[in-house]
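Each reported figure results from applying straightforward, stated rules to the coordinates on display, with no laboratory input. Note that the structure is predicted; figures quoted are calculated from it, not measured. So basically every Cβ, Gly included, is an ideal-geometry build from the backbone, and we count neighbours across all protein chains shown.
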Amino acid sequence: MQRHEHSLGLAAHRFRDTICSVVRGLGAKQKSRCLDIIRETYDQLAGSTPDLADVVDVANHRYAHNAWPDDSLLACLREFTDFPLFTLAVDVEHHEFLEAPHVIDVHRLPEDLRKLAVFLMLDRLYADIMALPDAPLDANGNRQVRLIIIIDEAHHYLLCKQPTLEKMVREVRSKGVGIWLLSQSPDDFDQPRYNFAREMGLAVVFSCVLEKPKMLEAVLGGKVNPKRLSQLPAGVALTRLPGSDAPVEIQAWQP
């Protein structure tokens with residue numbers, strides 16, 4: 001029972017942190033309300049897994065019962081049910097979703113809802129990944145690759161200060177999971193709170209405009225010419241190869 005309560009507490013805090021990373025300007029009271037709403041939702045369902053509609057029902061009741069005015073937190077929670085993003089919750093530990101490749105297209109969603117959908121998916125993946133044993137190593141020390149998570153247009157999510165994304169970049173390598181972050185500029189990875197570039201095992205940089213050469217030079221291990229980088233031909237990328245002491249140009253694909 002104690003372990004179950006601990007798991008529910010972690011899930012509630014992850015959900016609260018995800019909301020706070022997307023909805024700007026939430027105060028201490030709203031953050032506390034969000035956490036209480038999630039906890040009450042779990043309590044009301046007595047062990048069953050809640051879905052997003054359950055969370056919104058509890059939120060609506062709490063706001064009405066306490067005569068709280070509508071605010072950005074309630075608006076965000078209600079927005080969850082405006083789009084059929086998720087099917088009804090199923091009380092199983094293992095789901096077939098994790099057994100096959102998927103491409104999840106969220107670009108037509110409103111900005112905040114798009115971010116929330118991505119972060120909730122990452123929250124679920126993170127919990128499942130960290131429950132796995134470390135991936136085995138072969139005789140040469142190469143770790144088995146179990147899963148690759150690719151996040152396109154990553155600049156939309158890097159600036160959100162979302163703790164799960166940061167933890168995944170740091171922690172899932174030993175589980176055989178790779179995180180590929182695709183963005184339009186290398187500068188996007190150097191955020192005020194967290195420099196994602198420090199965790200990069202492989203950087204592949206195609207033609208782009210570079211404003212902070214020092215960050216990319218640290219990743220690639222040598223001087224970078226911003227003018228040359230902006231003029232790279234189609235299919236040519238800048239990267240760092242094992243044993244090299246400077247960035248090199250490679251033909252990644254033929255135009």
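Brief remarks follow.
- Dipole-positive endmost among Asn66, Leu26, Thr41 within the stretch 1-82 (Cβ charges, Cα centre): Leu26
- Springs join every pair of Cα atoms under 10 Å in this Gaussian network model of the chain, and among Gly141, Gly25, Gly176 the largest mean-square fluctuation is at Gly141.
- [x] 164; [y] 191; [z] 116, with the label sought being that of the calculated volume of the Cα convex hull per residue in Å³: [x]
- Gaussian network model of the chain, springs between alpha carbon atoms under 10 Å - residue of Leu109, Leu158, Leu73 with greatest fluctuation: Leu109
- For the stretch 177-183, Karplus couplings with θ = phi - 60° (6.51, -1.76, 1.60), whole Hz, Gly/Pro x: 10, x, 10, 9, 9, 10, 9
- Build a GNM of the chain with springs between Cα atoms under 10 Å apart, and of Leu181, Leu132, Leu77 the one that fluctuates most is Leu132.
- Legend: distances between Cα atoms for Lys115/Lys223; Lys115/Lys227; Lys167/Lys212; Lys161/Lys212; pairs beyond 27 Å are Lys115/Lys223; Lys115/Lys227.
- Among the trypsin sites (Lys or Arg not before Pro) found in the stretch 197-255, those both in a DSSP coil and sparsely packed, with 14 or fewer other Cβ atoms within 10 Å of their Cβ, are Lys223.
- Dipole magnitude (debye, nearest 20) for the chain, charges at Cβ of Lys, Arg, Asp, Glu: 940
- With Cα atoms, 0 to 90° folded angle of helix 2-22 axis to the chain main axis: 70
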